[in-house]
1. Interface size between chain B and chain A, please: total buried accessible area, 1.4 Å probe, rounded to the nearest 100 Å².
2. Describe numerically, in nm with one decimal, the distance between label points set 7 Å from Cα along Cα→Cβ at B:Asn370 and at A:Asn369.
3. For chain A, compute Rg over Rh where Rg is the Cα radius of gyration and Rh is the Kirkwood radius from the inverse mean 1/r over Cα pairs.
4. Pop a pseudo-label 7 angstrom from the Cα along the beta-carbon direction at both A:Asn192 and A:Asp230 and give the gap in nm to one decimal.
5. Please report, to one decimal in angstroms, the Kirkwood hydrodynamic radius of the stretch A:379-451 built from all distinct Cα-Cα pairs.
6. Using 10 Å bins from zero, what percent of all Cα-Cα pairs in the stretch B:37-152 falls into each bin?
7. Over 51 Å, how big is the tail of the calculated P(r) for the protein assembly as shown, in percent of all Cα pairs?
8. Out of all DSSP beta bridges in chain A, what portion is antiparallel? Express it as a percent rounded to 5.
2 protein chains.
Amino acid sequence: VEDRIGLLMGEKKHNVSLCLGRILVELDKIDDFVTAARADNLEQLQAFLRIPSVSTLPHHREDMIRAADWIAARLRKLGLPEVRVISTKGNPIVFADWHVDRSLPTVIVYGHYDVQPIDPTALWDSPPFEPSMRDGRIYARGAKDDKGNLMIPIVALDAIRHVCGLPPVNVKFLIEGEEEVGSPSLLDVLSNHRRLLSADLAVCADGSMWSVDTPSLTVGSRGLVAFQIDVLGPTSDLHSGHFGGAVTNPIHGLVATLSEMVSPKGKVKIAGFYENVVDLSASERRHFASLPFDEKAFKARIGVTELSGEEGFTTLERIWARPTLEINGIWGGFEAEGIKTVLPASAHAKFSCRLVPNQDPGHIVDLVNNYVRSRRLPGLEVTVGHLQWSARPYLMPTDHPGLSAARRALEGVYNQQPILVRTGGTLPIADLLRRELGVWLLFFGFGEPDNKTHSPNEFMRLESFDRGIRAYVRLFFELAKLPLSSSGG
Amino acid sequence: VEDRIGLLMGEKKHNVSLCLGRILVELDKIDDFVTAARADNLEQLQAFLRIPSVSTLPHHREDMIRAADWIAARLRKLGLPEVRVISTKGNPIVFADWHVDRSLPTVIVYGHYDVQPIDPTALWDSPPFEPSMRDGRIYARGAKDDKGNLMIPIVALDAIRHVCGLPPVNVKFLIEGEEEVGSPSLLDVLSNHRRLLSADLAVCADGSMWSVDTPSLTVGSRGLVAFQIDVLGPTSDLHSGHFGGAVTNPIHGLVATLSEMVSPKGKVKIAGFYENVVDLSASERRHFASLPFDEKAFKARIGVTELSGEEGFTTLERIWARPTLEINGIWGGFEAEGIKTVLPASAHAKFSCRLVPNQDPGHIVDLVNNYVRSRRLPGLEVTVGHLQWSARPYLMPTDHPGLSAARRALEGVYNQQPILVRTGGTLPIADLLRRELGVWLLFFGFGEPDNKTHSPNEFMRLESFDRGIRAYVRLFFELAKLPLSSSGG
């Protein structure tokens, strides 16, 4: 902090420099303000949660606009000089900018105001759009993903503003309403507003910690590419007695094709699939092995007696740093009770690959196409189609100064060092911001893996909400030390 | 015929012997009677067809009883001295007996009064239970299967009775109401009434000829045994990102298991599967090759460019005389539009084997169980269950005197020799009667393969109905020459 003080001292942003200079003193004041404003902040979060902004369902269109307007109004109230609601082909994107000084780093906070559907509705203990506070938690659709998480940096900035007048960094917000449907409108907005959205670092106000006791920083995610394979045979379902033996059964063709693509143990057999995979270094493997991963609890949680996968790798290595091909669905012929001795006209499957550095989705599409084209099944037509969105893998350099800032911020709140982790899931926004804006994305979200995200009874712990606010306050101050990138400011 | 006359001359059945003696003369009279009674017979068939006796749907229970009573009344009207409606746990079975003389062979005619459901209803050009006569055909559900076919021997016997007073053989009827649901009540009735049902030959008043121009006699059918395989993994569907690579995907386990059971070309890879298969003789293969099978028309009909199957066999050999394993249905995970990157909790398939002499369904069940038990997939539980009914293959000796009688009867109507054929389908009744009553079953049905059996717009050609009646008249007289079996009459 100290080296930044001198830099700012001669400038007009007196309050900021004062605040930075007296950080240890002011921090207590800011924390006190957060405590004092708690009831009001939770009130606001509940108001936000009452808007049923379900992006997957077209009849919530009006609610999407209400939610975008609500968050824009909240940012205006916070004092951000520029707040815009950008129209798109889909749901609007909210942009806000609080430019303090060109000599300060610029941070762009990403979040989303849309939520998942609520079904099965009957399984909710309280109505999903009437937030309920009980047992130290707030229950509602979006409580964690992402309305709760998104409110955290806003409340943190509000407290900083009250105590210091201005934030210690330039802050931008980028809040979309289509995260739950694959962000179809985001790419256009990013590429059309590169200058507006430029920053030194992006921060993702979405996501989770390792557990309620263990803070963590997620530095990597796997990419994704998805396919559908269709095997067509006779023009209609045939009687398996009158025709069985005469023609190739499309299900036989499908299971043969799929079983030659992936083994039960998860080894992908498509030629070239692993060719661009970056091997884990010895130190990465040591780091993974050092993490508090409880394999017994993991097995119990998913209800299997035995874990399994690509040989020669630990479970965390397989989930985080090895690519997979999973068949997500398969169907064809007769599925109901009893017997129908049909030889079906067609058979189908969907499958998707999780990718790791440096696999490229487009290259994997080519390999899958080549594999399917290279096979010939008499009397069958086999086609493979690439489904909708794909995403590249993401891996932030572990020596990135943003990570150091985040580490110190978390340490200040949790009183312990966060662990560096990855996710086996896909975070398309990370690679998208990296490619379009040239920034790395720091994941700084305060959910936990048990928050029932996307499920009935989604909740956020009030303790995590409070901790998140204090952590964001510290993060903003820590990020004031961030070196400016060429595109930043 | 002549040698039977002497035998009968001294007996009281004057009319029969007279009739047998004057067969060539009387046949014309009988045919004339059939022609005269045609309108009346079609009227009766239409009344029978109006009863919606759909055995697969429980709400037709009353209609099943009405249909059974209708056919019993028709047999009483025909003059059969004993007609009984036998109650079962399911739909009643109609039994009738016309014992003429113990020195005559006894023939038991089998048929069924139940029909398939009518859906999709919208595709019928006339209501399925309001018979419509147009273009020389009668359209209705059951027109061919089996009400039309079942009326044929009844009308034939009626004509014989009018002209001769008595039939030339002892005749029994066994008419069930559960053929379309796998005959669940029939076995009990057969084993509890062996004496009542005893005969020298059974005749099946159900089925089809090769084509409208080519009469045929079906001498063999394949057996059937059906399975469901269930592969269970985690207790619920998992996120393929967070868990992909850690556990065996049940769909991967399923496709591996199935692809190791059967090749795309239809070779069954289960150890021992072919061990009891009787190879076709050189003369059987020559006979198959001599049949008027039009492979080009066959391919066009089912819409495939290429036929395929077990290597080293012709298409007819593969369908009629080689066993198969067909996967009838497969399902698991996500099937809807778009992507859901799930790692499913389970995956399932149904498959069935068509069997040929001398494969035994029970033995095949053992082999399949052994195969599945011999495999181990980490973290998955694989179970295979044998579904409901199974049936043995059936093959009537081609030198059976019943076949010679049928051949002569058909020749007399079609003016050409029928061809001996098999079916790749399963006719469980054949093996059931063979085992329970010790009789062979002669297939003598007058549909054609294009009758849309089980489909909308099922029909029977009036020409075939008429030919069938004249053929049955001749068959009853020809069967008078049948040697008496020990269990007969």
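The values are calculated or read from the model by the stated rules, or taken from the named source; none is laboratory data. Nothing here was measured: the structure is a model prediction, and the numbers come from that model. Glycine also receives a Cβ, built like all others from the backbone with ideal geometry; neighbour counts cover every protein chain displayed. Side chains included, ligands, DNA and RNA excluded: accessible areas come from the protein's heavy atoms. Shrake-Rupley method; radii C 1.70, N 1.55, O 1.52, S 1.80 Å.
1. 5800 Å²
2. About 4.7 nm, to one decimal.
3. Result for chain A is an Rg/Rh of 1.02.
4. Simple spin-label model gives 3.3 nm for this pair.
5. The Cα-based Kirkwood calculation yields 15.3 Å.
6. Bins of 10 Å from zero give 13, 42, 31, 12, 2, 0 percent of pairs.
7. Every Cα pair in the protein assembly as shown considered, those over 51 Å come to 41 percent.
8. Percentage antiparallel, nearest 5: 70.
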